[in-house]
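**Student:** Supplied in structure tokens, the structure appears directly below.
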Amino acid sequence: MERVRAVYPEGRISLREVGLRDGLQMVKSFPSTEGKKTWIEREYNAGVRHFEVGSFLPKDRYPAFADVEQIIEFVATLPGAHASALVLNKRGALNALDTGIEEIGCVVSASEEHNRANVNRTRAETLNEIAELCSLRDQSAHKPVVSVGVAMSYGCSISGAVDPKEVLAVARECYAIGVDVVSIADTVGYAGPRQVAALTRQVVALADGRPVGAHLHDTRGLGLANAAAALDAGATIIDGAMGGLGGCPFAPNATGNVVFEDLVFMCKTNGLDIDIDVKSLIEMREVLSCEMPTETLYGALAKAGLPLTQHVNTDVSDSGNDLV
């Protein structure tokens, strides 16, 4: 618990920007290494401290992540910043452990069909590999946090409905084999706030004090509402991507992740202690536009702008005047 709390302090909401990993998996062009460093540096100066920076995949097949080691090294130079990266097999796990990264992420699907399509393995085989990673973690010198995203938790674009009991069974198994953080993922944007709240509460109960995350896609426009529901239900790690980048190869016509800058604004308007400057985030979108000029960026704040004041009047007591 001490290890995971060093990355995700108890009692604090952590917003993790996943644009450099999840955000790049569907793009036609991707940033240069220097562009990625500028991306991270601008976000860091705005107050962001949690970054998902890439995947450990074959560099010849996935050139967008060929510089992941360099990006991890760069994040390590920023005081208080934390990098995570995705691994999909043992070779990737060993490569990640060699970097000294603070967090290694894995994915297992609540849907057997999606798990086979995504990583060409059964769900049980994937969980066995995650257990092996946890064992390797325990034997390593720096013992990074191991986090798992449970994909297709609210429905699968291949097989349809997913029983919440399947999600809970996967989460329970993850904790049993030594996983530090479980995040519930609405990979294709099927869920609404009531579903998110109900499932998040149940996973929080299983977590026994360990942090629980939510990874939400905005495919059907409910990403922010679902993020608010997850927070109210006890999730303390919420993912988002700058400009709403991202997507899933198994979700045709889907948009990407919750827009990170809009997520920060939503949290602030809800009175959460989020020390990130939204205006600076909006301004740093220019880095994305410069590095990936053909990619579509989303975001309500970028379109409409910040309100004249970010102070929200929450006093709704009767003042004797009609509300107009």
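The values are calculated or read from the model by the stated rules, or taken from the named source; none is laboratory data. Note that the coordinates shown come from a computational prediction; the quantities given were computed from them, not determined experimentally. Every residue, glycine among them, receives a Cβ derived from its backbone with ideal geometry; neighbour counts consider all protein chains shown. These accessible areas exclude ligands, DNA and RNA; they are computed on the full protein's heavy atoms, side chains included. Shrake-Rupley method; radii C 1.70, N 1.55, O 1.52, S 1.80 Å.
**Student:** Among Met266, Met242, which is the only one that is closer than 17 Å to Glu43 by Cα and either free of Cβ contacts under 8 Å to residues at least 60 places away in the same chain or buried (at least 20 other Cβ atoms within 10 Å of the Cβ) (or both)? Break it down into steps so the answer makes sense when it comes.
**Tutor:** Numbers: Met266 fails: closer than 17 Å to Glu43 by Cα.
Exactly one residue qualifies, and that residue is Met242.
**Student:** Take the residues in the stretch 56-73 that are in contact with a Ser or Thr (Cβ under 9 Å, 6 or more places away or on another chain) and closer than 16 Å to Lys28 by Cβ, then tell me which one is most open to solvent (accessible area, probe 1.4 Å).
**Tutor:** Tyr62
**Student:** If you don't mind, another one. Mind listing whichever residues of the stretch 269-297 are of a type in the set (D, E, K, R) and at pLDDT 95 or above?
**Tutor:** Quick first cut of the stretch 269-297, residues of a type in the set (D, E, K, R) only: 273, 275, 277, 279, 283, 285-286, 291, 295.
Of everything in the stretch 269-297, those that are of a type in the set (D, E, K, R) and at pLDDT 95 or above turn out to be Asp275, Asp277, Lys279, Glu283, Arg285, Glu286, Glu291.
**Student:** List the helices (runs of 4 or more DSSP H) that sit entirely inside the stretch 32-138 and contain at least 1 residues that are within 27 Å of Leu263 (Cβ to Cβ), over 20 Å from the mean Cα position of the chain (by Cα) and without any contact (Cβ under 8 Å) to a residue 12 or more places away in the chain.
**Tutor:** Filter on the stretch 32-138 gives 33-46.
**Student:** If you don't mind, there's one more thing I want to ask. Since Cys174 meets every condition but one in (1) open to solvent by less than 10 Å² (accessible area, probe 1.4 Å); (2) assigned to a loop (DSSP other than H, G, I, E, B); (3) at pLDDT 95 or above, which condition does it not meet?
**Tutor:** (2)
**Student:** If you don't mind, another one. Taking the stated definitions as given, is Ser159 of a type in the set (S, T, N, Q) and open to solvent by less than 50 Å² (accessible area, probe 1.4 Å)? Walk me through it before giving the result.
**Tutor:** Numbers: of a type in the set (S, T, N, Q): yes; open to solvent by less than 50 Å² (accessible area, probe 1.4 Å): no.
Criteria not met by Ser159.
**Student:** Those residues that are open to solvent by 20 Å² or more (accessible area, probe 1.4 Å), out of contact with any helix residue (DSSP H, G or I) (no Cβ under 7 Å at 6 or more places or on another chain) and either within 17 Å of Leu20 (Cβ to Cβ) or not in a helix (DSSP H, G or I) (or both), I need them from the stretch 271-294; list them, please. If you could, list the steps in order and put the result at the bottom.
**Tutor:** Let us first name the residues in the stretch 271-294 that are open to solvent by 20 Å² or more (accessible area, probe 1.4 Å), namely 271-273, 275, 277, 279-280, 282-283, 285-286, 289-291, 293-294.
Now restrict to residues that are out of contact with any helix residue (DSSP H, G or I) (no Cβ under 7 Å at 6 or more places or on another chain): 271-273, 275, 279, 283, 286, 289-290, 293-294.
Correct list: Gly271, Leu272, Asp273, Asp275, Glu286, Ser289, Cys290, Pro293, Thr294.
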